[in-house]
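Asks: A single structure is presented below for examination.
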Amino acid sequence: MGIDAVGFCGKYQLNANQEMHDQRACLRRDYMLGAACGYAKNGDIIAKQLLDFYNGQYNNDNYAPFNIVLDLPDEMDAQFEENMNKVGQEFDKLA
């Protein structure tokens, strides 16, 4: 069994509705989260949660926090961290 078969992943927790410094940063963050969902082990679940949030709670409070945990393959860790840092998105690496 190789390392790929084990399926190591990095877990990242973040507020997907964090207030950003401008609209462009917000759009870039949302785009990158969408792309990350395509790679995440739990991407389908997160995408549905995001859709439900933006169609529901967000309409009542545009500043409501929405915490998610993405399970990304280890080979995506550096790219994810770099992209989130570029737009100013705070995150915690859990594993």
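The values are calculated or read from the model by the stated rules, or taken from the named source; none is laboratory data. Only a predicted model underlies this, so the values are computations on that prediction, with no experimental measurement involved. All Cβ positions, even for glycine, are placed from backbone atoms using ideal geometry, and neighbour counts span all protein chains on display. Accessible surface is based on the protein model in full, side chains and every heavy atom, while ligands, DNA and RNA are left aside. Shrake-Rupley method; radii C 1.70, N 1.55, O 1.52, S 1.80 Å.
Asks: Need pairs with beta-carbon distance below 7 Å; first residue part of a helix (DSSP H, G or I) and within the stretch 23-47, second small (Gly, Ala, Ser) and open to solvent by 30 Å² or more (accessible area, probe 1.4 Å); sequence gap 6+ or separate chains.
Replies: Taking only residues 6 or more apart or on different chains, the pairs are Ala25/Gly88; Cys37/Ala47.
Asks: Right, next: Determine if the stretch 4-12 includes at least one residue that is buried (at least 16 other Cβ atoms within 10 Å of the Cβ), among the small types (Gly, Ala, Ser), in contact with a helix residue (DSSP H, G or I) (Cβ under 9 Å, 6 or more places away or on another chain) and modelled with pLDDT of 95 or more.
Replies: no
Asks: I'm told Gly10 meets every condition in (1) assigned to a strand (DSSP E or B); (2) in contact (Cβ under 8 Å) with a residue 60 or more places away in the chain; (3) under 10 Å from the mean Cα position of the chain (by Cα) except one. Can you identify the failing condition by its number?
Replies: Here Gly10 clears every test but (3).
Asks: What's the total number of residues in the stretch 49-58 that are farther than 12 Å from Asn17 by Cβ and open to solvent by 90 Å² or more (accessible area, probe 1.4 Å)?
Replies: Of the residues in the stretch 49-58, 2 are farther than 12 Å from Asn17 by Cβ and open to solvent by 90 Å² or more (accessible area, probe 1.4 Å).
Asks: Same structure again: Of everything in the stretch 61-90 that's without any contact (Cβ under 8 Å) to a residue 12 or more places away in the chain and more than 21 Å from Gln23 (Cβ to Cβ), which residue is most open to solvent (accessible area, probe 1.4 Å)?
Replies: For the stretch 61-90, the residue satisfying everything is Glu75.
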